[in-house]
Amino acid sequence: MAEALGKIEIKSVPAEQKPLSPTALAIQKSPLLANLREISDFAACLEILLQSLNWRGQERNIAEAMPHFADELDLTGFRNVMANLQFSSRPERIELHKIDPRLMPCLFVPDKTPALIPIARSDYGLRIFNGGTGDYQTLTGDEMVVKGTAYFFSSVDVEEQKFVQQKIGWFWMIMERFRGLVYQILALTLLLNLLALATPLFVMAVYDKVVATGSLTTLVYFGIGVSIALICDMVLRKIRTMIFAYVGARIDNIVGNEVFKRIMFLPPAFTERATIGAQVARIKDFESIREFFTGPMAVVLFEVPFSFIFIIVIFILGGPVAFVPLLMLVLFWLVALAFGPIVRDAIGATARFGSKRQELVIETISSMRAIKYSNAEEKWLSRYRELSAQASMASFKSAQVTSYLTTISHVLMISSGVATIATGVFRVFNGDMTIGGLVASMILVWRVLGPLQSGFVSLTRVAQVRASITQINNLMNINSEHRDNVVNSNRKIKGFIEFGRVSLRYSPEADPALVGVNFDVKPGEVIALVGGNGSGKSTVLKLLLGMYIPQAGSIRLDMTDIRQLDPIELRQMIGYAPQTNQFFYGTIAQNLRLANPAASDEDIANACKMANLLDDIEALPKGFWTRIGEGTGGQLPTSFQQRLNLARCFIKKPKIMLFDEPGNGLDFEDDQAFMKTVSDLKEEDVCSFIVTHRPSHLKIADKILWLENGHMKMYGPTDEVKPHLPKDFL
């Protein structure tokens, strides 16, 4: 093959220069890839592979798909990024020249050299992109004979996934990925059950052949045979255990990630009103599934179907003795049916009270300072004692049920042994069965009922797993805000906003948050929202962000109802500075890039300059690499935190900006800088909404929206509305 390839005559053909598509330009401009491609061959290959696959997306999609702490990109990270961009991958050990051209482009990882992208094959050779050198090359002859692993990528069919999910359920759709491994486990379990026959047959042979004849030579031969069987049994069990461990780890990873992802992208109406503990309980639902597949119950599940092998052998050895395990199987099944409702009730009560206790613990930890301020330790301790007592009682009742099941299974097991001996003795007396056959049948009966007893005792665990699978399927069936296909943020907005008789209740029993609110805003206008606490100011901002959908009326953005817009895409087009600062563990730059993952270092610096924060950050020993977030927020000055909050809004460069009490924590100089920035943004036709109690902010406002108890009292130019405002508002 290599010699034939070496005879190809190569002609230098200049590559056709084509203008890059917007997607290709976005890939090349990605700041994360620009940094990583210098140190990682996989990062260099990523952009070329996406271009070659005609991927249609934006720079932001790439940045969001990258690891949060992206110091480098290895093979695992590469495949994860492609998975986040909705590409499935299939590895195959193969030589480079043997790759089917129809499967190109793909990723090829040689054994000894950097990764590369085989792009196309022609009479002139194999066109590749070399991730190590960052250049295109044409390989010929022996250069193509390279051993390695190819990774073939294909776009995920989202619609097909939804169809399968509706048909069999989300969890079982995920389990379909492990169909091949399940078949391997079944094959191994069959072999192990066949090998398990060696021990009882060896015992029977010793009783019938060795003891009766006193032949030690025969005993040696039998001993060698059963030893070989035991060694094979040990090896196969080790292989099966490794497969179980792999499947359990993969399920843990896949289900855990998908459950967390779905919770993250649930509409705010599902999560904002739920307690932290309730949301944590949703995540913990999959833990019982992980424990099931990594524990002994999974083995029992695969062992039970092969019990018929032992029953057949018992029938061959003892005839009617085989009816004993069959009868016990029926009794186990009847008892399981009788205890089913009791088990479900016990598991439900245990989970319910345990979840309530966990909610209280999380609430206590998150509100510890407020509890101490209020001197409410005794009250919280009393609440915990009450919930702990209820949870303990539920656990006690569940343990009682398990104890009853253990006792019943033990009695059935002993009864099966007695029945086997009683039945077999008469057959031995009649000469229809040997003593060795009776002993072997006894061992086989217990071998049949052993896995069944384990499953019977673990009925509570089985019920818990089934309940968890149902909860996970229900969660995954909820429509999320996130669409699995790539969000193309090509929409450019001007900033025309219209509220038409908008009304909203957060819950059916709550008072209206907004009632019949009407106003319109033009690009470049600054709107000040004023009113008392609970008047609906923050609700207006939440509606603009698509956090809630109004029950009545409509909100139009550039003459398009926001119900027709993807919520994720809508929030990408709007900048928001919330009233409460919230930062996450990471550097200052990483916290800013959460709002705009595609922001360059220059964009970050400009946003901080607009917030009057750049000098303060550069004065820090590590500058933008200073770590903030969990456990460090209280060490930063309030003014610094608020300006960083504003910078995170500015970095998105949106046409609509929402500021909720932006003056909190700002001194006079910083407040003046904020006002100047907003005024400058007006010149760029940026529309700004400012929820404020500061009179100074009204000076830059073009219009004022005055809300009271969810009703719009007045709306119009600042000069007309301001004289009517109560003095206590400002």
**Fill in**
Dividing the mean separation of Cα pairs under 8 Å (6+ apart) by the residue count of segment 497-729 yields a relative contact order in percent of 30
**Request:** Scan around C687 for amide H atoms under 5 Å from its own, H built in the peptide plane at 1.01 Å from N, and keep only partners 5 or more places away or cross-chain.
**Result:** G524, I656, M657
**Fill in**
Here D for segment 497-729, in µm²/s, from Stokes-Einstein with a Kirkwood Rh over Cα pairs at 4 °C and 1.567 mPa s, works out to 71
**Request:** May I ask you to list the lysines whose Cα is less than 27 Å away from that of K162, ignoring any residue fewer than eight positions away on the same chain?
**Result:** K261, K284
**Asked** How high is the relative contact order of segment 159-236, in percent, counting Cα pairs under 8 Å that sit 6 or more residues apart?
**Response** 29
**Message:** At R0 = 56 Å, how high is the FRET efficiency between A510 and M242 if r is their beta carbon distance? Nearest 0.05 is fine.
**Reply:** 0.55
**Asked** In segment 497-729, with Lys and Arg counted as +1 and Asp and Glu as -1 at Cβ, which of these residues, L594, L541, N612, has the Cα nearest the positive end of the dipole, that is, farthest along it?
**Response** L541
**Request:** Would you kindly state how much longer the chain becomes between Y404 and A422 on full extension, computed as 0.36 nm times their sequence separation minus their alpha carbon distance, in nm to one decimal?
**Result:** 3.8 nm
**Request:** List, in the order given, every pair from K622/K682; K652/K722; K676/K722 whose Cα-Cα distance in the structure shown is over 26 Å.
**Result:** K622/K682; K652/K722
**Item:** Segments 569-575, 654-660, 694-700 sorted - mean Cβ within 10 Å per residue, highest first
**Value:** 654-660, 569-575, 694-700
**Other-chain or far-sequence residues with amide H under 5 Å of T587's (modelled H)** = I628
**Request:** Quickly estimate the mean residue ellipticity at 222 nm for the chain, helices only: each DSSP H run with n ≥ 4 gives -39500 (n - 2.57), and the total goes over all residues, rounded to 500.
**Result:** -17500 deg cm²/dmol
**Asked** Suppose every K and R has +1 on its Cβ and every D and E has -1 on its Cβ; what is the size of the dipole of the chain about the Cα centre, in Debye to the nearest 20?
**Response** 1760
**Item:** Global size of segment 586-716 as Cα Rg and Dmax, reported in angstrom
**Value:** 15.7, 50
**Request:** Pop a pseudo-label 7 angstrom from the Cα along the beta-carbon direction at both A467 and D558 and give the gap in nm to one decimal.
**Result:** 5.0
**Message:** I need the peptides 168-177, 644-653, 225-234 ranked by packing, meaning the mean over residues of other C-beta atoms within 10 angstrom, with the highest value on top.
**Reply:** 644-653, 168-177, 225-234
**Asked** Can you give the extra length, in nm with one decimal, that the chain gains between A249 and S395 once fully stretched, where that is 0.36 nm per residue apart less the Cα-Cα distance?
**Response** 49.7 nm
**Asked** What is the chain's relative contact order, in percent, from Cα pairs under 8 angstrom and six or more apart in sequence?
**Response** 12
**Cα gyration tensor shape of segment 558-600, rounded if a/c is under 1.5, else prolate or oblate by comparing a/b with b/c** = prolate
**Request:** Might you report the magnitude of the Cβ-based charge dipole of segment 58-112 about its Cα centre, with Lys and Arg at +1 and Asp and Glu at -1, to the nearest 20 debye?
**Result:** 280
**Request:** Can you pull the one-decimal nm distance between simple spin-label points at I168 and N479, each 7 Å off the Cα toward Cβ?
**Result:** 2.7
**Message:** Show me the trypsin sites (Lys or Arg not before Pro) within segment 207-274 that DSSP assigns to loop and that have at most 13 other Cβ atoms within 10 Å of their Cβ.
**Reply:** R273
**Message:** Along the Cα→Cβ direction, 7 angstrom out, place labels at H693 and F308. What is the inter-label distance in nm?
**Reply:** 7.6
**Prompt:** Can you give the FRET efficiency for Y585 and E720, using 1/(1 + (r/R0)^6), R0 = 45 Å, r = Cβ-Cβ distance, to the nearest 0.05?
**Reply:** 0.40
**Base-10 log of normalised Debye intensity for the chain (one unit scatterer per alpha-carbon) at q = 0.10 Å⁻¹** = -1.16
**Request:** Apply 1/(1 + (r/R0)^6) to the Cβ-Cβ distance of K372 and A212, taking R0 = 60 Å, and write down the FRET efficiency to the nearest 0.05.
**Result:** 0.15
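None of the figures in this text is laboratory data; all of them are computed from the coordinates on show. Keep in mind the model is a prediction, meaning the values are calculated, not measured. Note: ideal-geometry Cβ built from the backbone for every residue, glycine included; neighbour counts use all protein chains shown.
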